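Following: one structure in structure tokens, then a few remarks.
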Amino acid sequence: MSPGARTDLSGGGVPEEGPEAELPPAPEAAERAFGDRLPDVVRYGEVLADAGVRRGLIGPREVPRLWERHLLNCVVLSDLVPEGVSVCDVGSGAGLPGIPLALVRPDLQITLLEPLLRRTTFLQEVVELLGLDHVTVVRGRAEEVLGVLRPVHVVTARAVAPLDRLAGWGVPLLRPYGEMLALKGDTAEDELRGARDALHKLNVVESSVEHAGEGLVDPPATIVRVGVGESPGGVRFAAKRAKAAKAARSGRSRGGRRRR
């Protein structure tokens with residue numbers, strides 16, 4: 001990692017303990033997946049291996065498998081996201097999958113949504129370091145930004161919560177006929193079956209388990225794909241969105257009044 005990057009992402013005096021783990025060399029699959037953005041991906045991986053570990057965003061044991069388990073596993077979502085749409089990465093954490101997706105898809109408008117200050121600080125630093133002008137970092141929980149954050153075409157998430165709870169957070173953030181893409185593991189099929197009733201109440205009209213990244217990651221990434229109808233989240237969340245949007249407009253109006 002360059003000295004400049006180390007200084008920018010030092011984390012406010014977090015002490016280093018023991019030898020630092022280094023990002024392994026980029027595998028050949030990374031060159032195919034990231035193309036000319038590979039140097040930026042390497043830089044991001046170095047930040048995760050250094051400041052990301054020291055600041056508690058990822059565990060030190062994850063560093064040797066950053067490429068296969070994290071960077072490549074996340075970038076394969078790109079194959080499922082339509083061109084030129086808006087995306088909200090819910091519970092973005094260290095920026096996975098939002099940052100890898102942003103690095104290969106400059107056509108997207110991406111919001112990294114994360115409630116914890118130390119994580120949003122890290123995310124903002126990474127966004128500035130990599131010059132990701134099409135990425136916005138927002139601090140808050142999904143239920144807090146409902147009606148304030150403009151509805152998006154696609155919600156992404158990774159290892160945030162069981163599918164029924166995750167859908168309750170992510171689906172209401174969607175535009176009509178949008179979709180949620182949730183990176184899951186071996187339990188994806190079971191989670192989807194167990195969440196059927198909850199998804200129905202959220203006006204989910206289609207759902208499936210898909211696999212992406214064959215030839216790049218082994219095994220391929222498992223993704224639960226959830227599509228919504230005309231009223232994402234159902235009637236209850238439509239009312240919440242309308243109420244929150246009205247409150248936001250009222251707040252802006254009061255803030256913009258000229259004092260006499």
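Some observations on this one:
- Over the chain, equivalent-ellipsoid semi-axes from the Cα gyration tensor in Å: 31, 25, 16
- Among 101, 77, 149, residue whose mean-square fluctuation peaks in a GNM of the chain (springs only between Cα atoms under 10 Å): 149
- Annotation: peptides 92-98, 34-40, ranked by per-residue average of other Cβ atoms within 10 Å with the highest first, follow the order 92-98, 34-40.
- Within the chain, DSSP assigns beta bridges of which about 40% are antiparallel (rounded to the nearest 5).
- Charge dipole (segment 129-205, unit charges on Cβ, about Cα centre) - positive-most of 134, 183, 169: 134
- Accessible area of segment 26-90 belonging to carbon and sulfur atoms, whole % at 1.4 Å probe: 47
- Under the span-like rule (Cα at least 18 Å along the axis, Kyte-Doolittle mean at least -0.5), DSSP H helices of the chain: 117-130
- Remark: segment 219-233, residue by residue, has Karplus-estimated 3J(HN,Hα) of x, x, 5, 9, 10, 8, 10, 10, x, 10, x, 6, 10, x, x Hz, where x stands for each Gly or Pro and the curve is 6.51 cos²θ - 1.76 cosθ + 1.60 at θ = phi - 60°.
- Calculated FRET efficiency, residue 240 to residue 38, Cβ-Cβ distance, R0 = 35 Å: about 0.25 to the nearest 0.05.
- Semi-axes of the equivalent ellipsoid for segment 13-125, Cα gyration tensor, largest first, Å: 23, 18, 10
- In a DSSP loop and with at most 16 other Cβ atoms within 10 Å, the trypsin sites (Lys or Arg not before Pro) in segment 72-166 are 141.
- Ligands, DNA and RNA aside, residue 208 has an accessible area near 40 Å² when probed at 1.4 Å.
- Applying both filters, DSSP loop and at most 15 other Cβ atoms within 10 Å, to the GluC sites (Glu not before Pro) of segment 189-247 gives 214, 230.
- Max mean-square fluctuation residue, GNM over the chain, Cα-Cα springs under 10 Å, options 30, 239, 49: 239
- Under Karplus coefficients 6.51, -1.76 and 1.60, residue-wise ³J(HN,Hα) of segment 25-32 in Hz, glycine/proline x: x, 5, x, 4, 4, 5, 5, 6
- Residues considered: 120, 136, 222. Largest GNM mean-square fluctuation over the chain, using C-alpha springs under 10 Å, is found at 136.
- Overall dimensions of segment 63-132 as given by Cα atoms, namely Rg and Dmax in Å: 11.8, 34
- When only alpha carbons are used to place a centre, segment 196-215 and segment 41-74 end up 28 Å from one another.
- Equivalent ellipsoid, segment 101-205 (semi-axes from 5 times Cα gyration tensor eigenvalues, Å): 25, 15, 14
- Sparse-neighbour loop sites [GluC sites (Glu not before Pro); segment 19-98; at most 10 other C-beta within 10 Å; DSSP]: 83
- The translational diffusion coefficient of segment 156-243, from Stokes-Einstein at 37 °C and 0.692 mPa s with a Kirkwood hydrodynamic radius over alpha carbon pairs, comes to 249 µm²/s.
The values are calculated or read from the model by the stated rules, or taken from the named source; none is laboratory data. All values reported here derive from a predicted model rather than from experimental measurement. Virtual Cβ from ideal backbone geometry, glycine too; neighbours counted across all protein chains shown. All accessible areas refer to the heavy atoms of the entire protein, side chains included, with ligands and DNA or RNA removed. Shrake-Rupley method; radii C 1.70, N 1.55, O 1.52, S 1.80 Å.
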